[in-house]
Amino acid sequence: MTIQTLGVIGAGTMGNGIAQTAAVSGLKVVLIDVTEQALAKGMAAVGSSLERLVAKGKLDAAVRDAALARIETSTDYQRLAAVDLVVEAATENLELKTRILKQIETIVSPSTIVASNTSSISITALAATLAEPARFIGMHFFNPVPLMPLVEIIRGLQTSDATAATVAELVTRFEKSPINVRNSPGFVVNRILVPMINEAFFLLAEGVATAEEIDAGMRLGANHPIGPLALADLVGLDVCLAVMEVFVEDFGDPKYRPCPLLREYVAAGRLGRKTGRGVYEYA
Ligand code: CAA
């Protein structure tokens, strides 16, 4: 099976990035969210991202226009009836994702693949909530989706070989590189990346160095493109905290204890770039 049409649930940072990537690759996209306002915000982000790529000479204006024309937005899940693959990219919440996935399954055709972009929830557990778990898989994209070349393909215990092969082929059509990962908390990248970010918060809380110095340390001493605290602001401090909480819960190992300062910032609504303030302030 070759995927030609894609449904995306959630027009937030990840969802709109996935919609953009698919549309640029020639797929028809149905982007779903609960309000017209959320859809308009998502499409504005797609528009400005495509604009940056055109301005830098990385994308033809004609490709941008064709991509924008391929994205349909809707608040109605029934619009997913004819898509080949649905990627759920809603808020990182088990109860919400379960409800959405069950709803998707009542609308799509029996051959439609259902994927989740979850960064921390068990693919096996999500699959188990579906009537046909063999068609369910994890497709984990990285922020900012249009620029980041990796997609983790996570097979739950129930995922079929055909589902995994179809999704891997699609990822290469997106001009991204897949890695195959067995279901495990945080998969591969977040298992390494988020504890590093958490450790940077401990350094900040202990006053070992300033935020700028911690970030400069990892940029200049480890060649990371941005420092861990700037990365936390990009990813969202709430997302980082949610991932650490899953690690503590699932592994039962105190080495994953979330830094209290990370909790404090999240409690204050300092979630990073998306709220204008995280570790740093944004205009
Ligand atoms: N769309 C299009 N272009 C974009 C863009 C977007 N959304 N964001 C940035 N760009 C472009 C800029 O226009 C710029 O283009 P030029 O190089 O041609 O000038 C280029 O990307 C670099 O941008 P900036 O100068 O603004 O900033 P930068 O040099 O720091 O690069 C970055 C931005 C590519 C995001 C870089 O900082 C980076 O690679 N950061 C690390 C990202 C990362 O680790 N992501 C993974 C997060 S973890 C995750 O997502 C998983 C999870 O579940 C938590």
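The values are calculated or read from the model by the stated rules, or taken from the named source; none is laboratory data. As the structure is a computational prediction, the values presented were derived from the model and not from experiment. Don't worry about glycine lacking a Cβ; one is built from the backbone with ideal geometry, like all the others, and counts go over all protein chains shown.
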- Being surrounded by 20 or more Cβ atoms within 10 Å (Cβ to Cβ) and touching a Pro at 6+ places or on another chain (Cβ under 7 Å) narrows Gly17, Gly7, Gly42 down to just Gly17
- Item | All positions within the range 145-159 that are in a loop (DSSP other than H, G, I, E, B), farther than 21 Å from Thr98 by Cα and out of contact with any Leu (no Cβ under 8 Å at 6 or more places or on another chain) | Val145, Leu147, Met148, Pro149
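Just to be sure I understand, how many residues within the range 123-157 are of a type outside the set (Phe, Trp, Tyr) and near the ligand (Cβ under 8 Å from one of its atoms)?
7
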- From the options Ser120, Ser116, Ser184, residue that is in contact with a helix residue (DSSP H, G or I) (Cβ under 9 Å, 6 or more places away or on another chain), in contact (Cβ under 8 Å) with a residue 60 or more places away in the chain and either within 24 Å of Gly42 (Cα to Cα) or more than 13 Å from the ligand (Cβ to nearest atom) (or both): Ser120
- Give me the pairs, please: first residue somewhere in the range 240-264 and closer than 16 Å to Gly278 by Cβ, second residue anywhere and loosely packed, with under 14 Cβ neighbours inside 10 Å and modelled with pLDDT under 95, beta-carbon distance under 9 Å, and either six or more positions apart or on two chains. Ala242/Asn93
- Filter pass, Lys97 being more than 26 Å from Thr2 (Cβ to Cβ), at pLDDT 95 or above, outside any loop (DSSP other than H, G, I, E, B) and in contact with a Leu (Cβ under 7 Å, 6 or more places away or on another chain): yes
- Query: Just one of the numbered conditions (1) in a helix (DSSP H, G or I); (2) surrounded by 15 or more Cβ atoms within 10 Å (Cβ to Cβ) is not true of His224; which one?
  - Reply: (1)
- Task: Hey, can you tell me all the residues within the range 204-233 that are at positive phi and within 14 Å of the ligand (Cβ to nearest atom)?
- Result: Asn223
- Taking Thr172 as the residue in question, decide whether it is among the polar types (S, T, N, Q) and either free of Cβ contacts under 8 Å to residues at least 24 places away in the same chain or not assigned by TED's automatic domain parsing to the domain that holds Ala128 (or both). yes
- Task: Among the residues of the range 52-74, write down those that are surrounded by fewer than 13 Cβ atoms within 10 Å (Cβ to Cβ) and assigned to a loop (DSSP other than H, G, I, E, B).
- Result: Lys56, Gly57, Lys58, Asp60
- Task: Sort through Leu157, Leu170 and tell me the only one that's over 30 Å from Tyr280 (Cα atoms) and crowded, with 23+ Cβ neighbours inside 10 Å.
- Result: Leu170
- Item | All positions within the range 23-71 that are farther than 30 Å from Lys97 by Cα and more than 14 Å from the ligand (Cβ to nearest atom) | Asp60, Ala61, Ala62, Asp65, Ala66
